[in-house]
1. Just one of the numbered conditions (1) outside any loop (DSSP other than H, G, I, E, B); (2) touching a residue at least 24 places away in the same chain (Cβ under 8 Å) is not true of residue 312; which one?
2. Being closer than 28 Å to residue 89 by Cα, touching a helix residue (DSSP H, G or I) at 6+ places or on another chain (Cβ under 6 Å) and surrounded by fewer than 21 Cβ atoms within 10 Å (Cβ to Cβ), is that true of even one residue in the stretch 131-139?
3. How about the stretch 451-507: which of its residues are β-branched (Val, Ile, Thr), at pLDDT 90 or above and more than 30 Å from residue 852 (Cβ to Cβ)?
4. In the stretch 348-362, what count of residues is obtained for those that are within 21 Å of residue 474 (Cα to Cα) and either touching a helix residue (DSSP H, G or I) at 6+ places or on another chain (Cβ under 8 Å) or in a strand (DSSP E or B) (or both)?
5. Can you tell me which residues in the stretch 459-517 are polar (S, T, N, Q), more than 22 Å from residue 545 (Cα to Cα) and crowded, with 23+ Cβ neighbours inside 10 Å?
6. I need the helices (runs of 4 or more DSSP H) fully contained in the stretch 171-286, keeping only those with at least 2 residues that are in contact with a Phe, Trp or Tyr (Cβ under 7 Å, 6 or more places away or on another chain).
7. Which condition number in (1) open to solvent by 10 Å² or more (accessible area, probe 1.4 Å); (2) touching a strand residue (DSSP E or B) at 6+ places or on another chain (Cβ under 8 Å); (3) within 23 Å of residue 26 (Cα to Cα); (4) among the β-branched types (Val, Ile, Thr) is the one that residue 267 fails?
8. Go through the stretch 192-210 and give me each residue that's open to solvent by less than 20 Å² (accessible area, probe 1.4 Å) and either within 25 Å of residue 238 (Cβ to Cβ) or touching a helix residue (DSSP H, G or I) at 6+ places or on another chain (Cβ under 8 Å) (or both).
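The values are calculated or read from the model by the stated rules, or taken from the named source; none is laboratory data. Predicted, not measured: the structure shown is a model, and the values here were computed from it. Here Cβ is always computed from backbone atoms with ideal geometry, including for glycine, and neighbour counts include all displayed protein chains. Accessible surface is based on the protein model in full, side chains and every heavy atom, while ligands, DNA and RNA are left aside. Shrake-Rupley method; radii C 1.70, N 1.55, O 1.52, S 1.80 Å.
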Amino acid sequence: MTEPASPPAAYPAQWEADVVLRDGSVAHVRPIRPEDADGVRRFHAGQSAESIYLRFFAPLKQLSDRDVARFTEVDYHERVALVATVHDDIIGIARYDSIDATTAEVAFNISDAYQGRGVGSVLLEHLSAIAREEGVRRFVADVLPQNRKMISVFTEAGYEVSHHYDDGVIAVSFTITPTEQSQAVFMAREHRAESVSMRGVLFPGTVAVVGASRRADSIGHQLLHNILTGGFTGSVYAVNPEAEEVQGLPAHRTVGDIGREVDLAVIAVPAESVLEVVRDCAGAGARALLVVSAGFAEAGPEGEVRQRELLRTARSNGMRVIGPNSFGIINSHPEVRLNASLAPALPPAGRFGLFSQSGALGIAVLASAARRNLGVSVFASAGNRVDVSGNDFMQYWIDDDDTTAVGLYLESMGNPRKFSRIARHLSTIKPVIVVKSGVSSYGVPPGHRARATRVPPAAFDAMLRQAGVIRVENVHQLFDVAQLVVHQPLPQGNRVAIVGNSAALGALTAEACVSWDLEVTHGPVSLSAEASASDSAAAVQAAFADEHVDSVLTCFIPPLVTLDEEVATAVAAAAAESSKPCAATFLGMRGVTGALTGKDVDEHGVRPVVPAYSMPEDAVRALAAATRYGEWRARDKGERVAPAGIDRATAERLVDTVLATSPAGRPLVAEEVEQLLSAYGITVWPTVQVSTADEAVAAAAAMGYPVVLKSTSPLLRHQVGGSGVRVDLGSETSVREAFAALGSRLAPLAANTFVLQRMADPGVPCVVNTAEDPLFGPVVSFSVAGPPTELLGDVGHRIPPLTDVDVSDLISSVRAAPLLHGHRGAAPVNRAALADLIARASVLADEIPELAFLDLNPVNAHPGGVDVLGAEVVVAPASVRKDTGRRALS
């Protein structure tokens, strides 16, 4: 084995990460350091004799100085070691020692007290990801036969493990390249851990309110009052060092003085006192913190420092944090009835989960839900979102049977790739409705940890569409959609029936349907003002019975001969008998809200409700959103693209070579572009630089006629009309004439630099590019070249990794897509070849984070395939991507 080398000065801080373990607690993973020597000795001393024997194959009671030095002094390249810590104590160690350029021997040692909590799995994920970055492709290990736990860590990770028995040990070997199975295991483990973590926050058995004041106008007093009056089923403790009793509860000086573990500490003290409270909570073994206190990063530089220290202290001691500057959390489940928020009353129990980053908007959101009689299962306000985010709550809602739809009000987004991945999972089983006003840095509130982004808003919209998320513009629309998807079935198509008693209102509803791409196939049916309740019931029932109808919209004004409530009852009764959704508009009618509630309760104990809207446009917009979501949910999601013939290692070597000599990055030269793209199966048509007519003629003869002569000047690259290009040159004479004509015209502009290229078949010019964004990571874009791209901004975007369905949707998303499909009698292009090219570009961008920019332009799509006629590539040092294949809290 290689002797220990002195560690380099550059400690790989980018390998550090906070992770959630299987039981929902938090640990810190980081590279080992020489100063960990004492920690390693303490870790070893705390291990059982059996654990020591399984790790070292000998009863090694204590480690020698030589052993400790070998374990803690690594070079972070050929020899890498990670430690997992809680309370700054080492709870697990993982290491690899390179055997050759692509193979390394691994070893793991997990604290007895933490075995069975997923520490080994987390360390394997992180060690594998680091090894892949360093060029290692295979792990090997010698394991004693009785060490079944270690063998299961390897096999259950989703890798294809081979092993054989040799001289008393089992020799294990497996390739660490991610597979579909290993990715699925990774995501399932992450999901379970984060879901359990949030369940621990939302179902605490004990809650301590720190800052519980006797002053009725204080936040601490209000929080304690709301918890008590909400009927919390667990134990509540008041913490106030200056009081004997608060609201009938004995007051404790500190959380530690309570004398038992606290599941959730609600902190409402001045900002400058919060860190002291957090340290107290850590010492008392608290599992989670809800920090309502303001005065952190939103308050300026001093607050930013305080917020960073809050996060560091909490995570290093295994605690989750909601806030700071949070409005609170609510869980209406009868087993807990927790109102740890500033809302004066627990909202009605229901099936709608709500997440809001803003405290002020939290008040508005809950008030709007109450006005609409929309019951809430869970409400959470993340405040400055220093730790717990909407991603965490979505992980919980995936498993929560009491939540059937989710609403998110997002002011910023810290990890869009992870958001997209989790939202797609959640959207396959429950509607996810998002209010997000924008993605620019101007929209990020002070205090939120969020990177700036360079992507256009259309890219953010595309990410939501990929994930099946329903995006709305404001809270009003959020609840319009929520009322429908919570209480009604999803539409099975876009065919709509319209029934009412006003021709004008029916026409208005029909016009709104047309504008939202809903097809009116029944009606509008307009009953007379004298129609009875039974007439209304018959008309609505007929609409539901029509086999050409997927949804029913009713729109009534006050009838003349019957009561308003009777009409509403008729609508509700007809809707309750059907599996099709119904939305209603009752203008000027009274007493209809109660009548719209069905008679029978569902399996969750909730009565079905026909949602009523103030105007038909609101109802139609909500129905259109539910229809599009229903179509997304019903369709095939496709398979992740995995083009054949990819040589990632060659691409990585090329990029490493370039950055070794150009650390800041640079555009690649033509030969480098060709080599990089060919590693991913993308062939760029060659061009030949020519300075004279003779050179042009010689180049044309070598590549074969016909040819194209074009200027390389950036001044002419995107001009309409081909002023710098001469095409279809089929002879020596035409090449000389074109060279002379272009040279004469472009010389005054200093644009007379030319390349020659073989003439492509007639087709549709397209543009495929990728860009590495600081926030989103790689973004793939597609457009039809020319005016659609340059003048109209008709560009589609998607966020890798892509499925084959994503790629097809991307091609179809541009308004100029009909040009690809045989517009005005032209032959359709080879769409499969175009999709394959986009897939290869997306995988290249996803796998090579140093690919700052790739522009394939033009791409000539034609019936016989696609030809990449031009390509530009810029590489740069990779920014630290989030969601990189190893579990880490944002």
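1. Every listed condition holds for residue 312 apart from (2).
2. No, the stretch 131-139 has no match at all.
3. 470, 472, 481, 485, 486, 496, 498, 499
4. 8
5. 466, 483
6. Output list reads 180-202.
7. Status for residue 267: all satisfied but (1).
8. 194, 195, 197, 198, 201, 202, 204, 206, 207, 208, 209, 210
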